[in-house]
Amino acid sequence: MPLSPLRKIGDTVIQPKHRASCHCGGVVLELDLPDGITDARRCTCSMCRRKGAVMGGVAMDGLRILQGQELLSVYKFNTQTAEHYFCSRCGIYTHHRRRSNPSQYGFNLGCLEGVDPNQVQGVPVNDGVNHPADRQPPNKSLQRSGDT
């Protein structure tokens, strides 16, 4: 079940325009979060499982790179739909274009100014291992007669 929009995490009030940055400060983002953090989640896909980030969602036009575009590297795998961005200097994952909704960015809550994602309780986990885009219809030419 999705979390209600997060308007405050710990002592930090989520601003309508909230800044985020990587560890070294080379990449700085501005996110439009007028309703707080929406669609907070974790994911079980092979990439997200390894990075362990709590992510929020924002419309494509709700994320602006204020600084460090030249420092961002992108990693894509499998269906090549999701684009995972990280700082090439410090290695921190800042955001990604979502596979589950390619018209939306996911962003790393740990990059938001003043936010400790460990203070967010009850974050739902999306099943990224069994993603609907990975399901293929059965190959009928491989079925034996009498198989259904």
Residue within the range 94-105 that is more than 14 Å from the chain's Cα centre (by Cα), of a type in the set (Phe, Trp, Tyr) and over 15 Å from residue 9 (Cβ atoms) present
no
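Mind listing just one residue for me: the one in the range 47-73 that is of a type in the set (D, E, K, R) and in a helix (DSSP H, G or I) and, of those, farthest from residue 99 (Cα to Cα)? Give the steps one after another, and end with the answer.
Restricting attention to the range 47-73, the residues satisfying the condition of being of a type in the set (D, E, K, R) are 49-51, 61, 64, 70.
This time we only want the ones that are in a helix (DSSP H, G or I), so: 49-51, 61, 70.
On the way: 49: 15, 50: 17, 51: 16, 61: 17, 70: 23 Å.
Checking each candidate, the answer is 70.
May I ask you to say which residue of 29, 33, 66 is closer than 21 Å to residue 3 by Cα and either of a type outside the set (Ser, Thr, Tyr) or surrounded by fewer than 14 Cβ atoms within 10 Å (Cβ to Cβ) (or both)?
33 is the lone residue from the list that is closer than 21 Å to residue 3 by Cα and either of a type outside the set (Ser, Thr, Tyr) or surrounded by fewer than 14 Cβ atoms within 10 Å (Cβ to Cβ) (or both).
Results for (1) touching a Gly at 6+ places or on another chain (Cβ under 7 Å); (2) within 19 Å of residue 62 (Cβ to Cβ); (3) not polar (S, T, N, Q), shown as yes or no for each residue.
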site: 77; (1), (2), (3): no, no, yes
site: 80; (1), (2), (3): no, no, no
site: 83; (1), (2), (3): no, yes, yes
site: 87; (1), (2), (3): yes, no, yes
site: 95; (1), (2), (3): yes, yes, yes
site: 106; (1), (2), (3): yes, yes, yes
site: 113; (1), (2), (3): no, yes, yes
site: 121; (1), (2), (3): no, no, no
Filter the range 5-62 for residues that are within 25 Å of residue 73 (Cβ to Cβ), without any contact (Cβ under 8 Å) to a residue 60 or more places away in the chain and touching a Ser or Thr at 6+ places or on another chain (Cβ under 9 Å) and give the result.
28, 56, 57, 58, 59, 60
Of the criteria (1) of a type in the set (D, E, K, R); (2) under 15 Å from residue 111 (Cβ atoms); (3) in contact with a helix residue (DSSP H, G or I) (Cβ under 9 Å, 6 or more places away or on another chain); (4) modelled with pLDDT under 95, which one residue 89 fails:
(4)
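The values are calculated or read from the model by the stated rules, or taken from the named source; none is laboratory data. Since the model is a prediction, treat every value here as computed from it, not as a measurement. Here the Cβ is made from the backbone with ideal geometry for all residues, glycine too, and neighbour counts use every protein chain on show.
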